[in-house]
Amino acid sequence: MKIAHVIAAVLLAMALAGCSATAEPRGLLGALDRLKVGPNYERPATQLPERFRGQADSADPASVADLPWWDVFGDPALQRLVRQALENNYDLQTAIARVAQFRAQVGVAASDLYPHAGYGGAATREKTFVPLVPGGNHTFNLFSGVLDVAWEIDIWGRIRRATEAARAQFFASEDVRRGVMLSLVSDVAAGYFGLLELDREREIARSSAETYQRTLDLFTQRYEGGKDTKLSTSRAEASLAASLATIARLDQAIIQQENAISQLLGAPPRPIERGNPLTAQSPPAAPAGLTSDLLQRRPDIVRAEHDMMNANAEIGVAVANFFPRIGLTALYGGESDDINNVLKNNFSIWNIAGNVSGPIFQGGRLIEQYRGRQAFWDETIAAYRGTIVQALREVSDALAAQSKLVERRAAEERQVKALTLAVELSLDRYRAGRATYFEVLEAQQQLYPAEDAVAQSQRDQLLTVVGLYKALGGGWQVPDDAWTATR
């Protein structure tokens, strides 16, 4: 037997067993795949309602989750911020690195499917005593070189089940990465709309400060003319000071919100670009679609299913550990006292052997490992079903907010309109001497919080779309390279 023959046999075995570590087995392994011990994965039955709570009576299969994020969030400034975050966010880079780690672990697990070949060599010079030889001592050299091959024949599927488990973990890490991308888009959009709402509140606070300043000037003129008391100017001055304090508080909140968005962008704190103001933003139509589609759209649900696949494969590994392991080993090399003869056939050594080993008694270790894997499987089923229930709740919460915020905003806008008229009427009555300062200040003090409430409702309507898009697993059909593509 020549070295070339051994190498050829090794390569042939690899070709017969070979497959991509992250793909299903092909070749000989694919043909033998059905021989794996342990259960094959089947998705557990899960009860899903026909429609989401709060959804319209007719469940339309179309969903806002089918749209790419740039079709949902149309503000050009927001789109630029989202792309910066997807390119530079460190949490996303961490998730990408973890995907690479789990991909490598699949290769590690799958490596045992192949023959393992190695080599060794030694050079020895030795002096020893040899009886009955003149001189008694003999000095000699010994050179050797060997190529060895070992291969565990995966009859019961232990290695294939371990590779299947590693592959499921790899896919789960991909789902985590997709989830981070979706959360990142949602967080940037939510932060941006929150920033626009703070800008709007600051505008309202500045407007209120200007109004209180004019009111103070009016009260001061009447006080100096003897037509009012010092109490009126003191109350007006207090209202003005409160507005100025609100402006300072909002300035601080705006800077902190910009800093939070900067962190999502993977950048140091800096001012954030604005596009359309809050009052020019309009929430898009956001249908929910079918409840069954959640199972393939939401990254956390898909990840939970891959966790179940991992747990199922681990049961197969635990079952295979009860069966004997069968392997083949081969060795070929040469040994001579002259290094030039090591590779010559006359000095060759070789060995081919089959071996089998299996457990007899291990103190209950194997059965407890099996029970532990079964319990892990039960855990992943509960986690999977719990994730689905959480998803249904999040979608329903968003739908409820979507419908009720329309009513809330309409009522608040009517309140603002009425209070604006009340302020005008109270000022007219005060100038005519038919009302006191208290009536004017009370109307003004009710108006500006009502305007803030309208701004908050406008923000909440936009945040509802953000939350619904995330809850439905938005952008699930968008290829990875398209998430950051410029449009």
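The values are calculated or read from the model by the stated rules, or taken from the named source; none is laboratory data. Nothing here was measured: the structure is a model prediction, and the numbers come from that model. Cβ sites come from the backbone with ideal geometry, for glycine too, and all protein chains shown count toward neighbours. We work out accessible area using only protein heavy atoms, side chains counted, and drop any ligands, DNA or RNA first. Shrake-Rupley method; radii C 1.70, N 1.55, O 1.52, S 1.80 Å.
Below is a table of values for the structure above.
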read-out	value
Relative contact order computed over the chain (Cα-Cα under 8 Å; 6+ residues apart), in percent	25 percent
Average silhouette area of the range 70-141, convex hull of alpha-carbon atoms, in square nanometres	11.4 nm²
Between the range 353-405 and the range 180-235, the Cα center-to-center distance that results, in Å	53 Å
Residue-normalised accessible area of the range 271-330, given per residue in Å² at a 1.4 Å probe	39 Å²
Sequence of Thr46, Thr211 when ordered by accessible area, the most exposed leading, probe 1.4 angstrom	Thr46, Thr211
Mean projection area, nm², convex hull over Cα of the range 111-183	9.9 nm²
Equivalent ellipsoid, the range 356-433 (semi-axes from 5 times Cα gyration tensor eigenvalues, Å)	72, 13, 6
For Phe438, solvent-accessible area (1.4 Å; no DNA, RNA or ligand), Å²	100 Å²
Solvent-accessible surface (1.4 angstrom probe) belonging to Ile204, in square angstrom, nearest 10	10 Å²
Residue-level accessible surface for His306, protein heavy atoms, 1.4 Å, Å²	30 Å²
Average accessible surface area per residue within the range 101-197, 1.4 Å rolling probe, Å²	46 Å²
Leu463, Leu78, Leu240, reordered so the largest accessible area comes first (probe 1.4 Å)	Leu463, Leu240, Leu78
Loop sites in the range 327-419: chymotrypsin sites (Phe, Trp or Tyr not before Pro), DSSP, at most 11 other Cβ within 10 Å	Phe361
Of the trypsin sites (Lys or Arg not before Pro) in the range 173-245, those whose Cβ has at most 13 other Cβ within 10 Å and which sit in DSSP loop	Lys227
Amide hydrogen neighbours beyond the local backbone of Arg325, cut-off 5 Å, H modeled	Ser357, Gly358
Helix runs (DSSP H) in the chain reaching 24 Å along axis by Cα, Kyte-Doolittle at least -0.5	90-110, 158-224, 230-264, 299-320, 365-431, 437-471
Estimated translational D of the range 384-469 in µm²/s (Stokes, Kirkwood radius over Cα pairs; 4 °C; 1.567 mPa s)	85 µm²/s
Candidate residues Trp476, Trp69: accessible-area rank, largest first, probe 1.4 Å	Trp476, Trp69
For the chain, calculated [θ]222 nm from helices alone, where every DSSP H run of n ≥ 4 adds -39500 (n - 2.57)	-21000 deg cm²/dmol
Fraction of the pair-distance distribution of the chain above 37 Å, Cα-Cα pairs, percent	56 percent
Over the range 154-301 - Rg/Rh using Cα atoms and the Kirkwood inverse-distance radius	1.33
